[in-house]
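Have a look at the structure below, then the notes.
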Amino acid sequence: MATNQFYELYRRLAEYRNEPEKCHSAIGELAQLCHEQTRASSLEECLAVADSCLREICQSQTLFAVAVSSWLTHEEDIELAKALVHEASVDHFQATAALAYDLFPIDESLAFLAASRLCALHSSPAISLGWTLSLVISYPENAKALKVAQQLLQHHMNEYPSTTQRLLASQNSPFNSVGLASQALALLEQQQITLTELPRIREFAMSPEMRLTFASLKRSESRDIQRHSEESSIFSQFVTKQHFKYANKTAVEFVVGDEVQETSLAMTSFQLSVELPTSELTDPVSGAMSRTSLWKGLPE
C-alpha cells in the first residue's frame, strides 16, 4: 500500500478545508489512487489505509460537498462514496440540526443527483436533509432546484417525520429563514397535533400491573429458553461457566501499599435512538422501489 501517498493527500486535504477551488485536484487524486490500490489489493484494504483521508473530508463540509458530488455521481467511485457517506453518517448520527453545504461552486446537475442518491443510501437525515435545503440557498434562481428540494423534503417528511421535525425545529438550524423549511415544519407540527388528539382505545393500553406481569412472563420464557439450550449444548460439557449479577453499581479493587481497598462506582445508562425509514417498516417492497427511483435521479 502506498501509505506515504495517502498521507500526503491527507496533509493537502487538511490545508484545503476552506478552499474549495483548490481541493478538487486532491479529491480527484484520492479517487485515482484508490482505484490503483484496489486493483493491486482489495477494496477493504484500500479503504482502511484511506480512512484518515475520508475522516478529514468528513470534518469539513466544503470538502464533503465536493467529494460527494464528484464520487457519488460517477459509477467508478460509488464504493468510495458509500464509505465516505457512512463515515459522515456515523459522525452526525445524533446531530441536533441539519448541516448546511455551500453547493454554489458545484455543477447543478451533479448536486441534484447527489441529493437524491444521499436519500437513496439512507444517510443520516442531518446530511441528506441539509443537502436538500442547501439546494434552495445555493441556487435561489433555479426553478429545478426548488422542485428537487420540494420532492426530497417530502421524502424526508414521509420517511423520517419525527427526525425531520426535530432537525427543522432546532434553534441552531441554519435553515430557519428558509420558507420551504418553515412550511414543512408547520405541516409536521400540525400532523403531530392531529395524531395526539386522535382517540385512544383503552383496551389496548396496559396498566402498570399488567406491564409487570408481562415482563415477568417474558423473563421466565427467556430463562426457559436459556436453560434448554444449556442442557442440550455439547459445548457446555467441557467449558466452565461463570455467573455474574448485575446491579446499579460496580465494585473496583485497587492496591494501596500492602492493602487492597475497594470502592464502588455508580453506573449510568446510555442510549442512542434512531428513526427507521417508515417504508422499510410498513412496506419494504415500496421502500426498495423508492430507493431505486431515487438512485436514478428525480425526473426532469
message: So, ALA215, is that one surrounded by 10 or more Cβ atoms within 10 Å (Cβ to Cβ), in the same structural domain as LEU99 (by TED's automatic domain parsing) and small (Gly, Ala, Ser) or not?
response: no
statement: With the first residue restricted to region 93-114 and required to be free of Cβ contacts under 8 Å to residues at least 24 places away in the same chain, and the second required to be part of a loop (DSSP other than H, G, I, E, B) and aliphatic (A, V, I, L, M), Cβ contacts under 6 Å at 6 or more apart or on different chains are none
message: I'd like to know if region 109-129 contains one or more residues that are β-branched (Val, Ile, Thr) and either at pLDDT 95 or above or not assigned by TED's automatic domain parsing to the domain that holds LEU152 (or both).
response: yes
message: So, in region 178-214, exactly how many residues are under 34 Å from the mean Cα position of the chain (by Cα), more than 30 Å from ALA145 (Cα to Cα) and polar (S, T, N, Q)?
response: 2
field: Residue pairs meeting the criteria (Cβ under 6 Å; at least 6 apart or on separate chains; first in the same structural domain as TYR7 (by TED's automatic domain parsing), in region 39-53; second assigned to a loop (DSSP other than H, G, I, E, B) and modelled with pLDDT under 90)
entry: VAL49/MET1
query: Any idea how many residues of region 265-275 are surrounded by 11 or more Cβ atoms within 10 Å (Cβ to Cβ) and free of Cβ contacts under 8 Å to residues at least 40 places away in the same chain?
result: 1
- prompt: If we scan region 189-207, do we find a residue that is surrounded by 12 or more Cβ atoms within 10 Å (Cβ to Cβ) and in contact with an Asp or Glu (Cβ under 9 Å, 6 or more places away or on another chain)?
  reply: no
message: I need the full set of residues from region 171-208 which are among the charged types (D, E, K, R) and either within 18 Å of TYR160 (Cβ to Cβ) or modelled with pLDDT of 90 or more (or both), in order please.
response: GLU189
Criterion: farther than 22 Å from ILE57 by Cβ and under 21 Å from the mean Cα position of the chain (by Cα) - qualifying residue of LEU121, LEU135, LEU99, LEU152: LEU152
- prompt: Given the conditions (1) surrounded by 15 or more Cβ atoms within 10 Å (Cβ to Cβ); (2) not in a helix (DSSP H, G or I), which single one is not true for ASN18?
  reply: (1)
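The values are calculated or read from the model by the stated rules, or taken from the named source; none is laboratory data. A quick note: this is a predicted structure, and the numbers were derived from the prediction, not measured. Note that each Cβ is placed from the backbone with ideal geometry, even for glycine, and that neighbours are counted across all protein chains shown.
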